[in-house]
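Each value in this text was obtained by applying a stated rule to the coordinates, not by laboratory testing. Note that the coordinates shown come from a computational prediction; the quantities given were computed from them, not determined experimentally. So basically every Cβ, Gly included, is an ideal-geometry build from the backbone, and we count neighbours across all protein chains shown.
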């Protein structure tokens, strides 16, 4: 498991505090990528890890409102032979405000010019 865009001062047990809920997942199986600060950075910084681990596919988990831009960014950065499976989650409330939607639309427009 690669968790990308983690605060550089964070530790695994802060991010995943109730370890007993994660079944057979070992702490050694989790990589905290701490360099990226943007969606583009998440894709760029996680790719070498994915390639080093010889992953054939990834499960991209992010919020529902962020998934379109995130998927397009990862698809643009990752080689075609790595399958990207989307898993959108609802963070907080189900509906987003008009302002949040507008901000995401502007970010998507900006990213479409250079990231995908």
* Asked: Where does each of 58, 49 land when they are ranked from fewest to most other beta-carbon atoms within 10 angstrom?
  -> 49, 58
* Structure fact -> Among 27, 104, 14, the residue with the largest mean-square fluctuation in a Gaussian network model of the chain built from Cα contacts under 10 Å is 14
* Pairwise Cα inverse-distance average, inverted: Kirkwood Rh of the chain (Å) -> 15.5
* To do: Compute the long axis of helix 39-52 from its Cα atoms, compare it with the longest principal axis of the Cα atoms of the chain, and write down the angle in degrees, 0 to 90, nearest 10.
  => 40
* Write down the percent of antiparallel bridges among all DSSP beta bridges whose residues are both part of the range 2-114, to the nearest 5. => 0
* **Exposure proxy ranking, count of Cβ atoms within 10 Å, fewest first, for 20, 4, 26** => 20, 26, 4
* **Within a Gaussian network of the chain (alpha carbon springs, distance under 10 Å), most fluctuating of 61, 30, 50** => 30
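Which FRET efficiency, nearest 0.05, do residue 90 and residue 16 yield, Cβ-Cβ r, R0 30 Å?
Working: r = 20 Å, r/R0 = 0.65.
The calculated FRET efficiency here is 0.95.
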* Asked: How far is helix 98-114 tilted off the main Cα axis of the chain, in degrees rounded to 10, range 0 to 90?
  -> 80
